[in-house]
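Student: Before we start, here is the structure in question, set down as structure tokens.
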Amino acid sequence: MDMKRSDYLSWDQYFMGIAIMSAQRSKDPNTQVGACIVDGDNRILSVGYNGMPSGCNDDDMPWSREGSALDSKYFFVCHAELNAILNYRGNSSLKGARCYVTLFPCNECAKAIIQSGISEVIYMQDKYSDSESTIASKKMFDMAGVKYTLYDNHHKRIDFEI
């Protein structure tokens, strides 16, 4: 009798993998971020990545990190977490959901996460941990009871055969 496989992906690996794949949809030349929101039954509720708002031609939008506010991307780009929240089309709320994200949320996304009812953020990188934005995010998460956890980055090589 055959035994079941033991080297399958954990839920965390699976959902972070989806966030990583979602990030690859971003057209941002410098930073690609992806997010995957799941419920308590490990069902995917929504995904998102950083990009320009729907209806705005991203060929006509600025992608620079430098220059005046209107000549850089920062006033225009929608972050992955916000896009995932806005992309959710379910009939129930996101209360109690988990958000897997490749980069720790900024303060604006933290507010949207809190307001949407998401209860946990699992993040892959926190490269702006010393920034005021990230410090504010963590302060709000702590006050609102949103748990944030660094992704346990024990990757396994993913091979696919048919």
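Student: Of everything in the range 133-153 that's touching a residue at least 40 places away in the same chain (Cβ under 8 Å) and in contact with a strand residue (DSSP E or B) (Cβ under 7 Å, 6 or more places away or on another chain), which residue is nearest to Asp12 (Cα to Cα)?
Tutor: Here is the first cut: in the range 133-153, the residues touching a residue at least 40 places away in the same chain (Cβ under 8 Å) are 148, 151-152.
Filter again for in contact with a strand residue (DSSP E or B) (Cβ under 7 Å, 6 or more places away or on another chain), leaving 148, 151.
On the way: Tyr148: 14, Tyr151: 8 Å.
Here the answer is Tyr151.
Student: Now for a different question. Being part of a strand (DSSP E or B), open to solvent by 40 Å² or more (accessible area, probe 1.4 Å) and out of contact with any Leu (no Cβ under 8 Å at 6 or more places or on another chain), is that true of even one residue in the range 109-132?
Tutor: no
Student: Would you check if Leu45 is closer than 30 Å to Asp152 by Cβ, part of a loop (DSSP other than H, G, I, E, B), touching a residue at least 40 places away in the same chain (Cβ under 8 Å) and in contact with a helix residue (DSSP H, G or I) (Cβ under 9 Å, 6 or more places away or on another chain)? Talk me through it step by step, then tell me what you get.
Tutor: On the way: closer than 30 Å to Asp152 by Cβ: yes; part of a loop (DSSP other than H, G, I, E, B): no; touching a residue at least 40 places away in the same chain (Cβ under 8 Å): yes; in contact with a helix residue (DSSP H, G or I) (Cβ under 9 Å, 6 or more places away or on another chain): yes.
No; evaluated as a whole, the condition is false for this residue.
Student: Next up: Asp58 passes all but one of (1) in contact with a Gly (Cβ under 9 Å, 6 or more places away or on another chain); (2) buried (at least 19 other Cβ atoms within 10 Å of the Cβ); (3) more than 22 Å from Ile114 (Cβ to Cβ); which number fails?
Tutor: (2)
Student: Against the definition (open to solvent by 20 Å² or more (accessible area, probe 1.4 Å) and on the phi < 0 side of the Ramachandran plot), how does Cys99 come out, yes or no? Write out each step before concluding.
Tutor: Numbers: open to solvent by 20 Å² or more (accessible area, probe 1.4 Å): no; on the phi < 0 side of the Ramachandran plot: yes.
When the stated conditions are applied, Cys99 does not pass them.
Student: Among Ala97, Ala35, which is the only one that is touching a Cys at 6+ places or on another chain (Cβ under 9 Å), under 22 Å from Gly145 (Cα atoms) and among the small types (Gly, Ala, Ser)? Don't jump to the end; show me each part of the working.
Tutor: On the way: Ala97 fails: touching a Cys at 6+ places or on another chain (Cβ under 9 Å).
Just a single option satisfies the conditions, and that option is Ala35.
Student: With the requirement that a residue be open to solvent by less than 80 Å² (accessible area, probe 1.4 Å), part of a loop (DSSP other than H, G, I, E, B) and not hydrophobic (A, V, I, L, M, F, W, C), what does the range 8-31 give you?
Tutor: First, the residues of the range 8-31 that are open to solvent by less than 80 Å² (accessible area, probe 1.4 Å): 9-10, 12-13, 15-20, 22-23, 26, 28, 30-31.
Now restrict to residues that are part of a loop (DSSP other than H, G, I, E, B): 9-10, 26, 28, 30-31.
If the condition is that a residue be open to solvent by less than 80 Å² (accessible area, probe 1.4 Å), part of a loop (DSSP other than H, G, I, E, B) and not hydrophobic (A, V, I, L, M, F, W, C), then Ser10, Ser26, Asp28, Asn30, Thr31 are the ones that fit.
Student: Right, something else. Hey, among Phe104, Phe76, which residue is in contact (Cβ under 8 Å) with a residue 40 or more places away in the chain and buried (at least 16 other Cβ atoms within 10 Å of the Cβ)? Explain how you work it out, then say what you get.
Tutor: On the way: Phe76 fails: in contact (Cβ under 8 Å) with a residue 40 or more places away in the chain.
Of Phe104, Phe76, the one residue that is in contact (Cβ under 8 Å) with a residue 40 or more places away in the chain and buried (at least 16 other Cβ atoms within 10 Å of the Cβ) is Phe104.
Student: Among the listed residues Leu82, Leu70, which satisfies the condition of being surrounded by fewer than 17 Cβ atoms within 10 Å (Cβ to Cβ) and assigned to a helix (DSSP H, G or I)?
Tutor: On the way: Leu82 fails: surrounded by fewer than 17 Cβ atoms within 10 Å (Cβ to Cβ).
The match here is Leu70.
Student: Ser93 - would you say it is touching a helix residue (DSSP H, G or I) at 6+ places or on another chain (Cβ under 9 Å), surrounded by fewer than 17 Cβ atoms within 10 Å (Cβ to Cβ) and over 22 Å from Trp11 (Cα atoms)? Outline the logic, then answer.
Tutor: On the way: touching a helix residue (DSSP H, G or I) at 6+ places or on another chain (Cβ under 9 Å): yes; surrounded by fewer than 17 Cβ atoms within 10 Å (Cβ to Cβ): yes; over 22 Å from Trp11 (Cα atoms): no.
No; evaluated as a whole, the condition is false for this residue.
The values are calculated or read from the model by the stated rules, or taken from the named source; none is laboratory data. What you see is a predicted model, and the numbers here were worked out from it, not measured in a lab. Ideal geometry is used to build each Cβ from the backbone, glycine not excepted, and the neighbour counts take in all protein chains shown. Ligands, DNA and RNA are excluded from the accessible area calculation, which covers all protein heavy atoms including side chains. Shrake-Rupley method; radii C 1.70, N 1.55, O 1.52, S 1.80 Å.
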